[in-house]
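Take a look at the structure set out below.
The values are calculated or read from the model by the stated rules, or taken from the named source; none is laboratory data. Note that the structure is predicted; figures quoted are calculated from it, not measured. Here the Cβ is made from the backbone with ideal geometry for all residues, glycine too, and neighbour counts use every protein chain on show.
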Amino acid sequence: MENKSYLIDMDGVLVRGKKKIPGADKFIQTLRDKNNKFLILTNNSIYTPIDLAHRLQISGIEVSENEIYTSAMATANFMKTQKVGGNAFVIGESGLNLAIHEAGFILTPENADFVVLGETFDYNFRQVTKAIRLILDGAHFLATNPDPTGPSEEGVVPACGSMASLIEKASGKSPFFCGKPNPFMMRSALNYLGVHSENTIMIGDRMDTDVIAGLQSGMETILVLSGLTNLKDIENFAYRPNHIANSVSEIEI
């Protein structure tokens, strides 16, 4: 029987902030030992895969950059399906800028074919104004992920979804979100890994991104309770994960 493959969310599943979730390193090592293909997924578009691999390595989880797939990479892949080359005005950090550049697009506000919004450390009012004007002039509005807020060491911070709502309100144009829970990111990740949804399991800590994305993409799903979701929260949704575990340390490969 062919081994199962795994798509694994990062934050709340393998790490919490900068700290490893107990047993996450052993879980990844077990996947390697048993030759199960896996890919770590994240809606975080700020960092490049090599940056994220380094972050995981520091926490004690040995992964390579080729084992990480970000919403920035999914966004760049989507852009290639829409247009071969072109101009893009990007609001984001190195992870998004590099992915779009490597996909063959020129990063410039001049004659922009796309306005691409991602996570950033510092949303700039002039940049947001420029984005709105370009969208009104006909540029296609893409965003990496719909998350309205994100975590920081100081507390909750506005995330891509919140800024996307501002730009949508001002421009009258809705963004196309390329990251989770869009099945496009899941199919893109499956293709990147070279596996099929019927033989792949999605592991995540959020019902509204990880579990729904897995279900809509035809995958078996495992919800872990080591992140943002507790058992009571599950009752707020009309769908259920296939399995529930306290953390990845309980998952049998």
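Taking the range 203-242 as the range and being among the β-branched types (Val, Ile, Thr), under 21 Å from Lys20 (Cβ atoms) and out of contact with any helix residue (DSSP H, G or I) (no Cβ under 7 Å at 6 or more places or on another chain) as the test, only Ile222 passes. Evaluate the range 71-89: report whether one residue or more is of a type outside the set (Val, Ile, Thr), part of a loop (DSSP other than H, G, I, E, B), over 15 Å from Leu52 (Cβ atoms) and in the same structural domain as Ser171 (by TED's automatic domain parsing). Checked the range 71-89: at least one residue is of a type outside the set (Val, Ile, Thr), part of a loop (DSSP other than H, G, I, E, B), over 15 Å from Leu52 (Cβ atoms) and in the same structural domain as Ser171 (by TED's automatic domain parsing). The criterion of at least 3 residues that are in contact with a Leu (Cβ under 8 Å, 6 or more places away or on another chain) is met by the following helices (runs of 4 or more DSSP H) wholly inside the range 134-229: 160-171, 183-193. All conditions but one from (1) buried (at least 19 other Cβ atoms within 10 Å of the Cβ); (2) closer than 24 Å to Leu96 by Cα; (3) modelled with pLDDT of 95 or more; (4) in contact with a helix residue (DSSP H, G or I) (Cβ under 8 Å, 6 or more places away or on another chain) apply to Ala164; the one that does not is (4).
Residue under question is Asn3, and the condition is that it be of a type in the set (S, T, N, Q), part of a loop (DSSP other than H, G, I, E, B) and modelled with pLDDT under 95; does it hold? Steps first, answer last, please.
Working: of a type in the set (S, T, N, Q): yes; part of a loop (DSSP other than H, G, I, E, B): yes; modelled with pLDDT under 95: yes.
Here the answer is yes, as Asn3 does meet what is asked.
Scanning the range 39-64 for residues that are in contact with a strand residue (DSSP E or B) (Cβ under 8 Å, 6 or more places away or on another chain) and in a helix (DSSP H, G or I) turns up Pro49, Leu52, Ala53, Arg55, Leu56, Ser59.
Suppose the filter is surrounded by 14 or more Cβ atoms within 10 Å (Cβ to Cβ) and out of contact with any strand residue (DSSP E or B) (no Cβ under 9 Å at 6 or more places or on another chain); does Glu67 pass it?
Values: surrounded by 14 or more Cβ atoms within 10 Å (Cβ to Cβ): yes; out of contact with any strand residue (DSSP E or B) (no Cβ under 9 Å at 6 or more places or on another chain): no.
No, not satisfied.
Every condition in (1) touching a Gly at 6+ places or on another chain (Cβ under 6 Å); (2) buried (at least 16 other Cβ atoms within 10 Å of the Cβ) is met by Leu7 except one, and the failing one is (1).
Thr144 - would you say it is closer than 15 Å to Thr70 by Cα, among the β-branched types (Val, Ile, Thr) and either loosely packed, with under 14 Cβ neighbours inside 10 Å or modelled with pLDDT of 95 or more (or both)?
On the way: closer than 15 Å to Thr70 by Cα: yes; among the β-branched types (Val, Ile, Thr): yes; either loosely packed, with under 14 Cβ neighbours inside 10 Å or modelled with pLDDT of 95 or more (or both): yes.
Judged against the criteria, Thr144 is a match.
Filtered by the rule that a residue be without any contact (Cβ under 8 Å) to a residue 60 or more places away in the chain and under 18 Å from the mean Cα position of the chain (by Cα), the range 197-217 gives Ser197, Met207, Asp208, Val211, Ile212, Ala213, Leu215, Gln216, Ser217. Residues that are surrounded by fewer than 19 Cβ atoms within 10 Å (Cβ to Cβ) and among the polar types (S, T, N, Q) were ranked within the range 203-253; the one that is farthest from Lys4 (Cα to Cα) is Asn236.
Of all residues in the range 26-51, none that is assigned by TED's automatic domain parsing to the domain that holds Met185 and free of Cβ contacts under 8 Å to residues at least 12 places away in the same chain has its Cβ atom under 8 Å from the Cβ atom of a residue that is surrounded by fewer than 22 Cβ atoms within 10 Å (Cβ to Cβ) and assigned to a helix (DSSP H, G or I), 6 or more apart or on another chain.
Selection of first residues in the range 123-138 that are closer than 10 Å to Ala170 by Cβ and of second residues that are at pLDDT 95 or above and basic (Lys, Arg), restricted to Cβ pairs under 6 Å at least 6 apart or on distinct chains, gives the following pairs, ordered by first then second residue: Ile135/Lys173. Taking the range 105-133 as the range and being farther than 16 Å from Ile46 by Cα, in contact with a helix residue (DSSP H, G or I) (Cβ under 7 Å, 6 or more places away or on another chain) and not in a strand (DSSP E or B) as the test, the residues that pass are Pro109, Ala112, Val128, Ala131, Ile132.
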